[in-house]
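Colleague: I have a structure here, written as C-alpha cells, and I will follow up with some questions on it.
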Amino acid sequence: MTSVRNKFDYLIVGAGIVGLATAWRLRQKFPQAQIGIVEKETAVGRHQSSHNSGVIHAGVYYPPTSLKAQLCRAGVAATLMFCREHGIAARQCGKLIVATSDAEVGRLRELATRAADNRLQCEWLDAAELGRREAAIVGKAALLVRETGIADYPAVCETLRQLLIDSDAKMILGAAVESIHEASQSVTVTAGRHELETSRLIVCAGLQADRLAHLGGVKHDLVILPFRGDYYRLSATRNTLVRHLIYPVPDPRLPFLGVHLTLTTAGHLTLGPTAMLALARERYWKWAFDSRDALATLSHPGTWRLLARFPRAGALELAHALSRRLYLAAARRYCPQLTLNDLADRDCGVRAQAVNRRGEMLGDFVIEHTARSVHVLNAPSPAATAAFPIADSIVARLER
C-alpha cells in the first residue's frame, strides 16, 4: 500500500471533544501553524464524547486543589460561551442532589462544604422545600447546584470539526495509530497508510490512552478499565416529570454518581447509568466482548485488587445490569412515581477509568509528557465540561 507522508507543527491523536478542543485552541494561538488530527474512526466524537449524559458539571464533587475542580469551574463558562457563539443547544437547568436517609444527609452536608470550597453558590433544601420545587421527588434534604447544565456535546464536536477544516487543519479519519517514534527534533506517527511527522504530538486517546502512551514511550503502570453505563430514555409522557437534574448522594469512595434523572437538550428525560466493569472498550451492546480488551483488563493486577476492595459495589452494579426492577428501585428511592413501563429505549456508554497496579482508581485528570509529546492518560467525567480548559492546559505545557 502506498504511504502518504505529511508534516505538521502539531499533530493531535484522537478526535474526541478533548482532542478537537486542543486542536482548536492551537489554531487560535498559532494561526499559521500546520495542524493535523488523526482518528481511527470515520467520524469525530464517536465514543465518550457522544456516549455520555450531556451534563455540564459545576464541580461540586472534586477536591478544591485538584485539576478536576479547577478545570471544571473554568469549563462551565467556556462550554456555555462556545455553545452560545455557535448556536449549540445548552442551558443551566440546575441539579438537585437528594439525600434519602440520615446517613446521606450527613454526606450531603460534607458535599455542601466542598461546594463552598469550590466557590459554588448552592442552596440547602429541607424536605418540604424539596417537595415544593419538585413534586415528584422525595427526600430528607437536597442540595441545589444552580450552575449545573446540559449541552449537546456531539454538536460541539461537529462544530469544532468544521471550524478546524475551515481553518486549514488536516483531518485524517479512519486511520488507527500503529506506531509512535520520538526523535530529538520530531515525532513520527504511522497510522494506516499515513506516515505523519510532527514537531509536537498531543495524544487524547480516551479509552485507548494507556496503549498509545506505551507506544509513545511513556512509562506508567496504568490500565484503562472500561465501565459500562446503561441508560434508559423514559417514555415521552415523563418528559416534564422534573425541571432539574436529579442525583442521589454519591458513595465518596467511588468516582461514579449513581443512578440519576437527566434532562437532555432534545427535551427527553433519561435514567441512569449503571457502572459495571466491561470486557470491551468501544462496543455498545449488552455483554459486548473484545478479546484484546478483556485480556488487558483481566491480566492487570489492579483490576483484581480493585474488585477485592469493592465487592459489594461490584455485585450491586451487576445486579442492576441483570434486573430492571433493581435498577428502577435505585431511582424510586427519590422518585417513587417511576414504574417499569416508564423505562423505554435503552442506550449505553463506556467510561474510561485509569487504575494503577495497586487497584486504585485515579481520581484526577492525569497528563504526562515527554520531550516532544503530551499524553492525556486519564480524563473521565467531567472531561467534556472541562475540554476547553484541558486544551488550554495542554497548550501551556507545549509552550513551556
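The values are calculated or read from the model by the stated rules, or taken from the named source; none is laboratory data. Remember, it's a predicted structure, so these values are computed and weren't measured experimentally. Positions of Cβ are backbone-derived with ideal geometry, glycine not excepted, and every protein chain shown enters the neighbour counts.
Colleague: Return the pairs, sorted by first residue and then second, in which the second residue is crowded, with 21+ Cβ neighbours inside 10 Å and of a type in the set (D, E, K, R), the first residue lies in the range 89-108 and is under 14 Å from Tyr61 (Cα atoms) and in contact (Cβ under 8 Å) with a residue 12 or more places away in the chain, the beta carbons are less than 7 Å apart, and the residues are 6+ apart or on different chains.
Modeller: Leu96/Glu134
Colleague: Next question, about the same structure. Being touching a Lys or Arg at 6+ places or on another chain (Cβ under 6 Å) and among the aliphatic types (A, V, I, L, M) is the filter here, so list the residues in the range 344-365 that pass it.
Modeller: Answer for the range 344-365, where residues must be touching a Lys or Arg at 6+ places or on another chain (Cβ under 6 Å) and among the aliphatic types (A, V, I, L, M): Ala344, Val350.
Colleague: Could you please find all residues in the range 352-378 being under 27 Å from Ala23 (Cα atoms) and in contact with a His (Cβ under 9 Å, 6 or more places away or on another chain)?
Modeller: Those that are under 27 Å from Ala23 (Cα atoms) and in contact with a His (Cβ under 9 Å, 6 or more places away or on another chain): Ala352, Ala354, Val366, Ile367, Glu368, His369, His375, Leu377.
Colleague: Also, quick follow-up: Any idea which of Gly359, Gly349 is farther than 25 Å from Arg233 by Cα and either of a type in the set (Lys, Arg) or under 24 Å from the mean Cα position of the chain (by Cα) (or both)?
Modeller: Gly359
Colleague: Follow-up. Look at the range 288-326 and say how many of its residues are of a type outside the set (A, V, I, L, M) and touching a strand residue (DSSP E or B) at 6+ places or on another chain (Cβ under 8 Å).
Modeller: 11
Colleague: Just wondering, is there one or more residues in the range 294-317 that are in the same structural domain as Leu96 (by TED's automatic domain parsing), within 18 Å of Leu96 (Cβ to Cβ), touching a Leu at 6+ places or on another chain (Cβ under 7 Å) and hydrophobic (A, V, I, L, M, F, W, C)?
Modeller: no
Colleague: While we're here: Could you pull out every one of the helices (runs of 4 or more DSSP H) wholly within the range 284-400 that has 3 or more residues that are in contact with a helix residue (DSSP H, G or I) (Cβ under 6 Å, 6 or more places away or on another chain) and modelled with pLDDT of 95 or more?
Modeller: 387-399
Colleague: Residues that are modelled with pLDDT under 95: find the strands (runs of 3 or more DSSP E) completely inside the range 184-254 holding 2 or more of those.
Modeller: 223-234
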